[in-house]
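Engineer: This structure is in structure tokens; I'll ask about it shortly.
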Amino acid sequence: MTFAYPGQPELFSNASFELATTWRLGLLGRNGRGKTTLFKILQNKLPFKGQINVPLELAYFPQPLQNKQELALFCLQATTDFEEWELRREMQLFGLKEELLWQPFDTLSGGEQTKLMLCALFCQKDAFFLLDGPTNHSDLAGRNELIAYLHKKAWLYHQVMTGSF
């Protein structure tokens, strides 16, 4: 795969890689190095030369939300396909209070909005998650909460996959 923004040098030149969809991995780098661009290419949102084969549905964070004045539950349901019980399960793992669902999304703090969007995202089944800046604008406590949530998700996934439940 090769990609360059118009009038710029190539950002990716004959890049070849395979995403191991059974792994949980992170793509780290300084700002402006191409992480978001790569995510956009993987989602076919930018033109590129070459070929990309994605065996799973990609679920991207942050999701574009339409009507942020709606109650949080309805705002999220308009973007992501999930059942209310699934969202409540994820919220419990994240340590969020269910009452957040019944407040207008735009009245929630930035951290609460981020956490709810992540919960909605992780309700998706059979998806490969592309988390683009999930800790942007988070303080240390918020980052630690996200880490703890992801550890719980990984532990539960392992339990289900190995039949240890």
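Engineer: Please report the net charge: other residues with Cβ closer than 12 Å to the Cβ of TYR60, K and R +1, D and E -1. Each step should come with its number before you reach the end.
Structural biologist: On the way: positive: LYS40, LYS45; negative: GLU57, ASP132.
My count for the surroundings of TYR60 gives 0.
Engineer: Considering only PHE129, PHE105, PHE48, give the residue with the highest GNM mean-square fluctuation for the chain, with springs between Cα atoms whenever their separation is below 10 Å.
Structural biologist: PHE48
Engineer: Provide the percentage of antiparallel DSSP beta bridges, counting only those with both residues in the chain; round to the nearest 5.
Structural biologist: Values: 3 of 8 bridges.
DSSP beta bridges in the chain are roughly 40 percent antiparallel.
Engineer: How large are Rg and Dmax for the chain when only the alpha carbon atoms are used, in Å?
Structural biologist: Here Rg and the maximum Cα pair distance are 17.4, 54 Å.
Engineer: Suppose each label sits 7 Å from its Cα in the direction of the beta carbon; what would the THR79-ARG30 distance come out to in nanometres?
Structural biologist: The modelled label-to-label distance comes out at 3.0 nm.
Engineer: So, with +1 on the Cβ of K and R and -1 on the Cβ of D and E, and no other charges, what is the size of the charge dipole of the chain about its Cα centre, to the nearest 20 debye? Display every interim value, and only then the final one.
Structural biologist: On the way: 16 positive and 17 negative charges, 124 e Å.
Dipole about the Cα centre, nearest 20: 600 debye.
Engineer: Return the sequence-ordered ³J(HN,Hα) values of the stretch 79-94 in whole Hz as given by the Karplus equation 6.51 cos²θ - 1.76 cosθ + 1.60 applied to θ = phi - 60°, using x for Gly and Pro.
Structural biologist: 3J(HN,Hα) across the stretch 79-94, in whole Hz: 10, 10, 8, 7, 8, 4, 5, 5, 5, 4, 4, 5, 5, 5, 4, 7.
Engineer: Could you pull out every residue, at least 5 positions away or on a different chain, whose amide H is within less than 5 Å of the one on TYR60? Hs are placed 1.01 Å off N in the peptide plane, and Pro or chain starts have none.
Structural biologist: Amide H neighbours of TYR60, under 5 Å, 5+ apart: LEU130.
Engineer: Then there's this: Across 10 Å bins from the origin, how do the percents of Cα pairs in the stretch 1-55 run, short distances first?
Structural biologist: 20, 57, 21, 2
Engineer: On a 24 Å Cα-Cα criterion, which of the cross-link pairs LYS45/LYS97; LYS40/LYS152; LYS125/LYS153; LYS40/LYS125 come out too long?
Structural biologist: Numbers: LYS45/LYS97 35 Å; LYS40/LYS152 28 Å; LYS125/LYS153 13 Å; LYS40/LYS125 21 Å.
Beyond 24 Å between Cα atoms: LYS45/LYS97; LYS40/LYS152.
Engineer: A follow-up question, please. Could you compute how fast the stretch 77-153 diffuses translationally, taking Rh as the Kirkwood radius over C-alpha pairs and applying Stokes-Einstein at 25 °C with viscosity 0.890 mPa s? Give it in µm² per second. Before the final figure, lay out each step's value.
Structural biologist: Values: Rh = 12.9 Å.
Roughly 191 µm²/s, to the nearest whole number.
Since every read-out is calculated from the coordinates, none of them should be taken as a lab result. Note that the coordinates shown come from a computational prediction; the quantities given were computed from them, not determined experimentally. Positions of Cβ are generated from backbone atoms using ideal geometry, with glycine treated the same way; all protein chains shown enter the neighbour counts.
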